[in-house]
There are 2 protein chains.
Amino acid sequence: MTIKNLPPCPVEVTLSLIGNRWKCLILRDLLSGTKRFGELKKSVEGITQKVLTSNLREMEANNLLVRRVYAEVPPRVEYTLTKTGMSLRPILEAMFVWGSEYKEKNQA
Amino acid sequence: MTIKNLPPCPVEVTLSLIGNRWKCLILRDLLSGTKRFGELKKSVEGITQKVLTSNLREMEANNLLVRRVYAEVPPRVEYTLTKTGMSLRPILEAMFVWGSEYKEKNQA
DNA sequence: CGGGATCCTAGACGATACTG
DNA sequence: CAGTATCGTCTAGGATCCCG
């Protein structure tokens, strides 16, 4: 998926950028602020480093987040949402709200 | 994914039910009202009947839609969102809004 | 028309080892 | 610590055929 040549339907545009489980969860965890690679690996339950890396790279390429490398030993790499990435918050919030209500109804 | 035993995080709950491209698109097309199988197959661009069927079955099992079969020849099968399915509208709307803005910025 | 049954493939994902 | 590299697995999805 190039950053150009987007689908005609806006919903599909969104799906092409965050239309997978992992990206949504990464997004969820970065909305509260900058995080290191290792922190994300812990908070995004069940993800492997390979998959985490590839998803982060794609999101970086799509301008949803920035990757900042610090020349230290041991190395430190931090990920921060861009303004564009931050603007996805309403979607995640809607998902949070709906999920909460669904849980309440179907599990309580 | 059983309807019980939901993930702790509400966002993950939502993802477990509509966390794939096809379900979101099916949802998008059913929000405007009841549709027949063949109509969905056309409007959900690129989906095969097998994948459409399996996704519809899962969404039915999760109580997001109802399947109504009419004893006619040729057969007619209609799909309608339940109240729960309808309640996902805000998520899809948020995706629509974000996708529109992203397109405008990155393609215009 | 709306599937079910079958077979097959690509790509997503996991596991492990290695490194600057 | 945060990766890259390699290999293996597995399943979502595609293609095709058939049927009530």
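The values are calculated or read from the model by the stated rules, or taken from the named source; none is laboratory data. As the structure is a computational prediction, the values presented were derived from the model and not from experiment. A quick note on method: Cβ atoms are made from the backbone with ideal geometry, for glycine too, and the neighbour counts reach across all protein chains shown. Surface areas here come from the heavy atoms of the whole protein model, side chains and all, with no ligands, DNA or RNA. Shrake-Rupley method; radii C 1.70, N 1.55, O 1.52, S 1.80 Å.
Considering only protein heavy atoms, what per residue accessible area in square angstrom results for the protein assembly as shown with a 1.4 angstrom probe?
Accessible area per residue: 52 Å².
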TODO: Round to a whole angstrom and tell me the spacing of the C-alpha centers of the range B:88-108 and the range B:27-86.
DONE: 24
Task: Chain lengthening between B:Asn63 and B:Arg76 when straightened (0.36 nm per residue, less Cα-Cα) - done: 2.6 nm
Task: Per DSSP, loop GluC sites (Glu not before Pro) in the range A:44-78 with at most 16 further Cβ within 10 Å - done: A:Glu45, A:Glu72
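Where does the range B:9-106 land on the Kirkwood hydrodynamic radius, alpha-carbon pairs, in angstrom? Before the final figure, lay out the partial values.
On the way: mean 1/r = 0.0701 Å⁻¹.
Kirkwood radius, the range B:9-106: 14.3 Å.
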TODO: List the distances, in nm and shortest first, from the label point of A:Pro90 to the matching label points in every other copy, placing each point 7 Å from Cα along the Cα-to-Cβ direction.
DONE: 1.2
Task: Lysine pairs within chain B, Cα separation less than 27 Å, 8 or more sequence positions apart or different chains - done: 19
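Could you sort B:Phe37, B:Phe96 by their accessible area in this structure, using a 1.4 Å probe and putting the largest first?
Details: B:Phe37 55, B:Phe96 100 Å².
Final ranking, largest accessible area leading: B:Phe96, B:Phe37.
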Task: Area accessible to solvent at A:Leu81, 1.4 Å probe radius, in Å² - done: 10
Task: Scattering profile of the protein assembly as shown at q = 0.11, 0.18 Å⁻¹ [log10 I(q)/I(0), Debye over alpha-carbon scatterers] - done: -0.58, -1.33
Task: Cα-derived Rg to Rh of the range A:1-54, Kirkwood definition - done: 1.05
Open item on the list: Leaving out ligands, DNA and RNA, and with a 1.4 Å probe, what % of the accessible surface on the protein assembly as shown is carbon or sulfur?
Closed with: 55
Task: trypsin sites (Lys or Arg not before Pro) within the range A:1-93, DSSP loop, no more than 10 other Cβ atoms inside 10 Å - done: A:Lys4
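Using only protein heavy atoms and a 1.4 Å probe, how much accessible area in total is buried between B and A, to the nearest 100 Å²? Mind dumping the intermediate values first?
Details: alone 7440 and 7470 Å², together 11340 Å².
In total, this chain pair buries about 3600 Å².
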TODO: Give a residue-ordered list of calculated ³J(HN,Hα) values for the range A:102-107 (Karplus: 6.51 cos²θ - 1.76 cosθ + 1.60, θ = phi - 60°; whole Hz; x for Gly, Pro).
DONE: 4, 4, 4, 6, 9, 10
